[in-house]
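I have placed the structure first, in the form of structure tokens, so that the comments after it can refer back to it.
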Amino acid sequence: MYELKTKETDNSVIEFIEEVDNPKKREDAYRLLDIFTETTGFEAKMWGPSIIGFGSYHYKYESGHEGDAPLAGFSPRKAKISLYFAPGEPKREELLKQFGKHTTGKACVYVNKLADIDVDVLKALINESVSFIQKMYPEI
């Protein structure tokens, strides 16, 4: 059976952020920690070795694959900061047009630094992601 790699852990969020080599990226990580905590209302938890997640939900696909994931999160990676939002959230593309300098993946939005983006749009993206997931998976 498939085993999820990204699970909530008891690892320290602060210790993880303190291990970020780049001082500017570490500073941005602390600012993101405040923004995500304030916006979601959830305590930060480590998911796997490198994702800082907020809240959680249980999903189950038609294929039978199921698991738990954070409602929103981020990771201060070496190259870029990864922001995790709900894939398929309908307002995401419109908000990203106002977001600032970024690139996207399926579920991730990548930024170099917080100075490149509009923090108010970031908060809107977080709120939309959390609302979308809570509607999709109402048992949370």
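The values are calculated or read from the model by the stated rules, or taken from the named source; none is laboratory data. Quick caveat, the model's predicted, so the values are computed rather than measured. Heads up, the Cβs are rebuilt from the backbone with ideal geometry, glycines too, and the neighbour counts pull from every protein chain shown. Note: areas computed on protein heavy atoms with side chains; ligands, DNA, RNA excluded. Shrake-Rupley method; radii C 1.70, N 1.55, O 1.52, S 1.80 Å.
Less than 5 angstrom separates the built amide H of Y57 from those of A69, L71, all sequence-distant by 5 or more or on a different chain. Take the Kirkwood radius over Cα pairs of segment 61-129, plug it into Stokes-Einstein at 4 °C and 1.567 mPa s, and you get 102 µm²/s for translational diffusion. In the complete set of protein chains, residue-level accessible area for H65 is approximately 60 Å², probe 1.4 angstrom.
Ligands, DNA and RNA left out, the accessible area of the chain computed with a 1.4 Å probe is 50% carbon and sulfur. Each Lys and Arg contributes +1 and each Asp and Glu -1, all at the Cβ; summed about the Cα centre of the chain, the dipole is approximately 520 debye. Across the chain, the mean sequence separation of Cα contacts (distance under 8 Å, 6 or more residues apart), normalised by length, yields a relative contact order of 21 percent. Each principal axis of the chain carries a Cα extent, and these read 42, 35, 25 Å when sorted largest first.
Note that segment 72-140 presents 52 Å² accessible area per residue, ligands and nucleic acids not counted, probe 1.4 Å. Note on segment 7-50: Cα Rg divided by 2.2 N^0.38 Å, N the number of residues, gives 1.14.
What FRET efficiency comes out for T9 versus K60 if R0 is 30 angstrom and r is the Cβ-Cβ distance? Round to the nearest 0.05.
Details: r = 22 Å, r/R0 = 0.73.
That gives a FRET efficiency of 0.85.
Residues in segment 77-88 carry Karplus couplings, in order, of 6, 4, 7, 9, 8, 9, 10, 10, 10, 5, x, x Hz; the curve used is 6.51 cos²θ - 1.76 cosθ + 1.60 with θ = phi - 60°, and Gly or Pro positions show x.
Find the relative contact order for segment 22-64 and round it to a whole percent, using C-alpha pairs within less than 8 Å whose residues are 6+ positions apart. Intermediate results must be reported in sequence, preceding the final value.
Details: 21 pairs, mean separation 10.3, N = 43.
It comes to 24 percent, rounded to a whole number.
Per residue, how large is the accessible surface of segment 1-68? Use a 1.4 angstrom probe and give square angstrom. Accessible surface, normalised per residue, equals 65 Å². For I51, no residue whose modelled amide H falls within less than 5 Å of its own remains once neighbours fewer than 5 places apart on the same chain are excluded.
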